[in-house]
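A.B. asks: Okay, handing you the structure first.
The values are calculated or read from the model by the stated rules, or taken from the named source; none is laboratory data. Every value quoted in this text rests on a predicted model; they were computed, and no experiment measured them. Here the Cβ positions follow ideal geometry from the backbone for every residue, glycine too, while neighbour counts run over all protein chains shown. For accessibility, only protein heavy atoms count, side chains too; no ligands or nucleic acids. Shrake-Rupley method; radii C 1.70, N 1.55, O 1.52, S 1.80 Å.
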Amino acid sequence: MQRILSALKQVRLGLIAIACAFTFISVSGAFAFAHPSQAATGLDSRLVKEEYKIDNNKRDNQLESREQSYEKMLKEAKDIHTEEKAYEENLSEYREENPTPGLAEKAQDLIEKLTDTE
């Protein structure tokens, strides 16, 4: 009988220990999101303002780099169009010099005919 009572006592102590641990965790979690005192925030606000200025400078630099990359893309797009025009001119000159189509050109024409009918 004493064994059973001592076993129940140990189980009860274990449950009490677990309940205390849960209570401690819950209470400490409630204070984790507490706001700091007003005196402490005065010092931090200066640091936040400086960090905000730094972030604004970074953002301005990023905007400038975006604008530069956009302008670069536009320039490359214009270059591509000029390259396409040059290719088309060279192709037309080649076709004028070589009026009989080659095997690759015949295959290309055949593929175009097949895809147009479907």
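A.B. asks: For GLU71, which of the numbered conditions (1) open to solvent by less than 90 Å² (accessible area, probe 1.4 Å); (2) modelled with pLDDT of 75 or more fails to hold?
C.D. replies: Here GLU71 meets the rest and fails (1).
A.B. asks: Here is a follow-up. Looking only at region 83-118, which residues are at pLDDT below 80 and hydroxyl-bearing (Ser, Thr, Tyr)?
C.D. replies: THR100, THR117, listed by residue number.
A.B. asks: What number of residues in region 95-111 are of a type outside the set (S, T, N, Q) and surrounded by 10 or more Cβ atoms within 10 Å (Cβ to Cβ)?
C.D. replies: Residues of region 95-111 of a type outside the set (S, T, N, Q): 95-97, 99, 101-107, 109-111.
Filter again for surrounded by 10 or more Cβ atoms within 10 Å (Cβ to Cβ), leaving 95, 101, 105-107, 109-111.
Result for region 95-111: 8.
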